[in-house]
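See structure below.
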Amino acid sequence: MPRSLELRQARAAKKDEFYTQYADIQKEVNAYLEYNPNVFRGKTILLPCDDPEWSNFTRFFAENFERYGLKKLISTSFAVESKQSKWYEPTLFETDSPKYDKDKTRTHGKIFVLDRDVNNSGRIDIEDLQWEYLQGDGDFRSKEIKALRDEADIIITNPPFSLFREFVAWIFEANKQFLILGNINNACYKEVFPLMQCNKMWLGPSISSGDREFRVPDEYPLEAAGWRIDDEGIHYIKVKGVRWFTNLEHGRHHEPYKLMTMAENIKYSKHKEVKGIGYLHYDNYDAIDVPHSDAIPSDYEGVMGVPVTFFDKYCPEQYEIVGIGTGELAGALGIKKNYRGRTDLALTKDGVSSCPYSRILIRKKQ
């Protein structure tokens with residue numbers, strides 16, 4: 001195989017391998033502990049779609065096993081051959097073990113388990129992690145990993161971005177608690193939005209704007225807007241729009257969004273689309289367009305179209321989510337086809353028609 005083609009295949013297979021920063025995990029988890037100090041006590045946590053020898057998820061929960069009162073920690077990885085990657089070397093942790101198998105290391109996933117004081121140190125910590133090869137490649141959709149899912153109480157991971165919808169369905173199939181990373185725009189998927197709308201899934205508290213930095217494999221193309229290589233040669237890229245998705249309760253989930261009235265927005269808003277102008281009405285649906293979440297008029301009782309980032313501040317006791325303004329779900333809501341012949345919300349300003357970016361339709365609760 002030509003080296004250029006081999007490299008392209010490796011890059012394609014690696015595009016989802018983003019390793020979450022330890023500090024980002026810690027900040028998010030602390031928010032749940034502040035709300036409920038016993039949220040993880042007596043629980044079995046599964047970290048699938050992981051790479052236990054490199055992952056900060058495994059390291060974080062192993063180091064805090066006793067502090068959080070965990071019952072069991074399970075972490076699994078995906079076989080390198082299944083990712084079609086030729087750019088792989090096993091770690092010394094694996095090769096120095098009597099369990100090491102030079103063939104299995106490429107074709108089989110690995111499982112790491114922490115549930116007891118193996119080395120008799122008097123405490124359960126990262127030194128007590130036990131590992132072995134899985135029977136299969138570690139794909140979360142396999143019967144082997146599904147069995148681990150069914151055993152677990154909480155599933156925590158950074159799943160492959162391209163498989164986010166399928167991974168969410170996999171979690172809800174087993175009715176598990178979870179904490180996972182994904183892009184904010186995933187909330188608009190027809191498979192995901194109804195879960196957000198029915199308050200079966202919401203955003204975590206620690207990320208609401210900005211980029212997040214992830215470690216990537218050395219051969220990953222550094223083409224993102226923000227990237228760096230540290231003093232040890234480790235590669236990082238910045239990814240926009242990252243959010244935590246969860247069904248674990250946290251304090252901000254029920255905190256009302258502080259907003260100005262419509263009159264106050266028109267007079268004082270920092271947004272030029274609103275200040276001194278007001279709010280446009282959609283051409284094909286009875287609702288007003290709110291171009292920024294912080295410009296939602298607190299006293300308006302009709303339906304409003306707001307950006308997807310509204311989910312960062314969504315309080316289910318304050319607002320009802322009526323629907324979404326694009327795609328199949330919009331059609332079911334009664335949104336008529338716009339000037340482009342599509343079932344998307346449309347506006348006309350100064351004689352020019354346009355379609356605003358994805359809008360969530362909400363209404364103030366009485």
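FYI, it's all coordinate maths here, none of it is from the lab. What you see is a predicted model, and the numbers here were worked out from it, not measured in a lab. Neighbour counts run over all protein chains shown; Cβ positions are idealised from the backbone, glycine included.
Annotations for the structure displayed:
- Coil-residue trypsin sites (Lys or Arg not before Pro) of region 132-202, DSSP, other Cβ within 10 Å capped at 15: Arg141, Lys190, Lys200
- Which of His235, His250, His281 has the fewest Cβ neighbours within 10 Å, and the rest in rising order: His281, His235, His250
- Protection proxy ranking of 288-300, 335-347 - average other beta-carbon atoms within 10 Å, highest first: 288-300, 335-347
- Taking a ≥ b ≥ c as the square roots of the eigenvalues of the alpha-carbon gyration tensor, region 255-364 is classed oblate because a/c is 1.5 or more while a/b is no larger than b/c.
- C-alpha center-to-center spacing [region 308-331, region 38-74] in angstrom: 33
- Inter-centroid distance (Cα atoms) of region 134-209 relative to region 91-122, Å: 26
- Neighbourhood charge, 13 Å Cβ-Cβ cut-off, centred on Glu132 and excluding it, Lys, Arg +1 and Asp, Glu -1: 0
- Report note on the peptides 118-124, 240-246, 264-270: ranked by the mean count of other C-beta atoms within 10 Å, highest first, their order is 240-246, 264-270, 118-124.
- Gaussian network model of the chain, Cα within-10 Å springs - most flexible of Ser354, Ser97, Ser77: Ser97
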